[in-house]
1. Could you give the length gained on full extension between E125 and N167, defined as 0.36 nm per residue of separation minus the Cα-Cα distance, in nm?
2. Which whole-Hz ³J(HN,Hα) couplings does the stretch 58-63 yield from phi under the Karplus relation 6.51 cos²θ - 1.76 cosθ + 1.60, θ = phi - 60°, glycine and proline marked x?
3. With 19 Å as the limit, write out which pairs from K56/K157; K56/K118; K19/K109; K118/K142; K19/K142 have Cα-Cα distances beyond it, or answer none.
4. How about K162: which lysines have a C-alpha closer than 17 Å to its C-alpha, ignoring those fewer than 8 places off in the same chain?
5. Could you please state how large a percent of the accessible area of the chain is carbon and sulfur, counting protein chains only and using a 1.4 Å probe?
6. Run the quick spin-label model on E41 and Y99: label points 7 Å from Cα toward the beta carbon, then report their separation in nm to one decimal.
7. Ignoring ligands, DNA and RNA, what accessible area per residue does the stretch 1-141 give at 1.4 Å, in Å²?
8. Please say if the chain is rounded, prolate or oblate, where rounded means a/c under 1.5 for a ≥ b ≥ c the square roots of the C-alpha gyration tensor eigenvalues, and otherwise the choice is prolate for a/b larger than b/c and oblate otherwise?
Amino acid sequence: MAILNILEFPDSRLRTIAKPVAVVDDEVRQLIDDMFETMYEAPGIGLAATQVNVHKRIVVMDLSEDRSEPMVFINPEFEALTDEMDQYQEGCLSVPGFYENVDRPQRVKIKALDRDGKPFEMIAEGLLAVCIQHECDHLNGKLFVDYLSNLKRDRIKKKLEKLHRQNA
């Protein structure tokens, strides 16, 4: 397994729309394993392939405290099951150090393939619903900062650009 480099906002590669996975093979499973290792190391609770500059529709997640509940979503799709919104303070491995409130549908139905390519469906609410929506946004070239005001987004962008210059 390998720790992959996580792209950081405002890197334009984060805006790339990911392509569906045609075949779930050993190469895809290796990427999934590397994504889990990268996510745990960061540390985070979710990671989309787009964030590691692989533009395939793959998401890994583990919402447990002890890293015992890894979840894989290949070619994930979701639909809102309610008009009710929840507000969560979201953070992102691609926007390190920033947390902002984002409104998202409270309950969603998820359809995806697992790490073996078998289709599954599930109903998600709470943190799982927020995370799947957040990670699917990544696959569509969208970041949680896109839900913020232009002023907040520009402030975060400037701070991260300054940090990137200092670290270069």
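The values are calculated or read from the model by the stated rules, or taken from the named source; none is laboratory data. The model shown is predicted, which means the values in this text are computed figures rather than measured ones. Neighbour counts run over all protein chains shown; Cβ positions are idealised from the backbone, glycine included. The accessibility values were calculated without ligands, DNA or RNA, using every heavy atom of the protein model including side chains. Shrake-Rupley method; radii C 1.70, N 1.55, O 1.52, S 1.80 Å.
1. Values: separation 42, 0.36 × 42 = 15.12 nm, distance 3.84 nm.
Between E125 and N167, full extension yields 11.3 nm more.
2. Residue by residue, the stretch 58-63 yields 9, 10, 10, 8, 8, 8 Hz.
3. Numbers: K56/K157 25 Å; K56/K118 17 Å; K19/K109 21 Å; K118/K142 27 Å; K19/K142 14 Å.
Distance filter (> 19 Å) returns K56/K157; K19/K109; K118/K142.
4. Those lysines meeting the cut-off are K152.
5. Numbers: 4260 of 8950 Å².
On the chain, the fraction of accessible area on carbon and sulfur atoms equals 48 percent.
6. Taking the two extended label points, one gets 2.5 nm.
7. Details: 6970 Å² over 141 residues.
Per residue, the stretch 1-141 has an accessible area of 49 Å².
8. On the way: a/c = 1.72, a/b = 1.18, b/c = 1.46.
It comes out oblate by the Cα gyration axes.
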